[in-house]
Amino acid sequence: MLDTVGARVMALIVATTLPLAVIASFLAWHSYQQNVGNSALRTERDTQLAISEITTDLDQTHTLLDMLADGDISSGNALREFALVQTISQHNYCLLMLTDVAGRPSVILPPPSTQDAAICRSPDFNVSSLTTGSSKLPMVGVNVLTGERGPLLKFVVPILSNNAVSGYIVAVRTLGWQRSHLPKRDNRRLLGMASETKHFLAMPGGSLYSLFPDQPVVADLPPKALAHLRQDISSLRLQDVFTSEGTTYAFQNAYGPVSLIVATERTAEESRALNIFLLRVSLIVGLLLIELLAVAMGARLFLVEPLEKLASAVAEWRRGAAFAPRISHAIPLEIRHLEKAFLRATRRLGQHEKDLEQSARNQDMLIREIHHRVKNNLQVVASLLNLQASRIRSHEAREEFRLVRDRVRALATLHRYLYSENGLSALDVQSFLEELCSILLSANGMNAQTRIRLKLDIEHVLISPDQAVPIALIVTEVVSNALRYAFPQNRSGHIAISLHKIVHTSTDQEGLVELRLGDNGIGIDAGRATESRMRREGIGMQLIRGFARQINADMTVQTENGTWYILQFVPERPSLTALAMARSAIAQREETDV
């Protein structure tokens, strides 16, 4: 990712500017969190105030009922005492009742006429049923009832007389308050006055009711927040504060199984704080992007483009063109110095390569001249041997001279084919064997139209100079022996030479070739028997076996239907000429510089 100059410049810019952007964003976020925290603090404050008022109100209820039970309450004064309690509590009681020891009601104070009847309706409690006198014995304590407008509390306080229960006081009241009955300066009127704050009482089943039953509201909470609150209720958590979709929720146990929920929406100031935060972050990101764009354009114009032009000029020079960079004074001084230094280096390197190629050409010419002179010298030697053989009267001696002459001519012909123009110092076997066999036929007074025919089937195989000499002498020995001894008494036949590549599955035999040469004459054993009285044993077979060992060949001799020599060997890899080695070295240097 950071291979190019432009990418590295951008990485450096980002590395230097990003910390500043992060710090600025963190400060903006901190400022936003402070404003958002105001909503949470306000919600928690309202929750604690409501819980405090509920606790105080319930403590007062317990105190009033205990005072009534400890006093001289009776059927005669109970109604007056109950009316006083109802007035003190701002008409929060749905029922105040005095019963005898068996639980039968004797005095009942119904809810005031100014109170909404729905506030005191509950499936767990029916005021009319208590007046029938069929009530069972009350259970002392406080029970939470479910009403239509919210939870109701049922208090049962025993009346003791001479350490014995003489009756009960039964009171049913709302857990919340009726806002319309609260005094103007009561702190409880402040709860829920803000339009963005709502107070709810939650029952264990998850039902939500307004804290003020005379002003019911629909608890239309978002599903996510509602699910969170129900999870708090089911897990019996005592308190929780969280924010969902811009609204802060506070959850706290109010009394027994009843919980208080306060929902506070963002104020205008807090919404503006969010907008300011987003604006600051957008401004920071925008300035960072503008800075990066401006720096990237500048780096592209004054740094990256000059380097790309320099790299392009170098690439063109590697493909063979002249190195010609377009130097401009607008680019940095270091790059101009680099271009000038590279220009001088390429000129010197180009001149050095020309000198190297010229030296390699001269060396190749010298090697070609050496081969040419060796060939001429060998031909002179062959001519001298031929001339000397013509002055010898002994037939056997003259034949030996001719054998040596044929071997020398084979070497002379070989030196003419050892140097190739394809960049390899190697022997083209196909052309060489055709000419060599033609020379051997002519030397023995024969041609393609005589009684002995020549059959060649040779693939194009390159042979190294080290293997070329033994192969040339093997072919010379086999063809010469076949021409002299395989076809006596003017017999006709053919001499065949074939060279083919052998395909093997084994990697050890990869590149193996087979040289097969021989004739369909009388065979080597019959030839020896025929000529045993006319000549002594020659060294042809010894030379053939010795040359086969030189090329590491596996040789097999077959005498069925003539004499056949089968040699299998792996050709050595031809060496490069001096010019080819020089060009290869130059190419490898260029590849290494990539």
Inset, instruction - Pull out the extension gain between R549 and L41, defined as 0.36 nm times the separation in residues minus the alpha carbon to alpha carbon distance; nm, one decimal. - result: 172.5 nm
Inset, instruction - Would you mind ranking C94, C437 by Cβ crowding within 10 Å, fewest neighbours first? - result: C437, C94
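List the relative contact order of the stretch 181-268 as a percent without decimals, with contacts defined as Cα pairs under 8 Å and 6+ residues apart.
Details: 114 pairs, mean separation 26.1, N = 88.
30 percent.
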Inset, instruction - Enumerate the aspartates and glutamates that K501 could reach by cross-link, defined here as Cα to Cα under 14 Å, with residues fewer than 8 away along the same chain left out. - result: D457, E459, E510, E514, E572
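What does the C-alpha gyration tensor say about the overall shape of the stretch 265-419? Classify as rounded when a/c is under 1.5, otherwise prolate if a/b is larger than b/c, or oblate.
Numbers: a/c = 12.77, a/b = 3.99, b/c = 3.20.
The shape class here is prolate.
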Legend entry - Vicinal HN-Hα couplings computed from phi for the stretch 165-173 (Karplus, 6.51 cos²θ - 1.76 cosθ + 1.60; Hz; Gly/Pro x): 6, 9, x, 9, 10, 10, 10, 10, 9
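Please give the net charge around V262, taking every other residue with its beta carbon less than 12 angstrom from that of V262, where Lys and Arg add +1 and Asp and Glu add -1.
On the way: positive: R42, R45, K198; negative: E44, D46, E196, D240, E265.
The answer is -2.
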Inset, instruction - Give the long-range amide H neighbours of R104: residues separated by 5 or more places, or on another chain, with amide H under 5 Å away, using H modelled in the peptide plane at 1.01 Å from N. - result: none
Legend entry - Peptides ranked, highest mean first, by Cβ atoms within 10 Å: ranges 551-561, 251-261, 389-399, 48-58: 251-261, 48-58, 551-561, 389-399
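No value in this document is a laboratory result; all are computed from the given coordinates. Everything numeric in this text was worked out from a predicted model, so none of it was measured. Glycine gets a Cβ as well: all are built from the backbone with ideal geometry, and neighbour counts include every protein chain shown.
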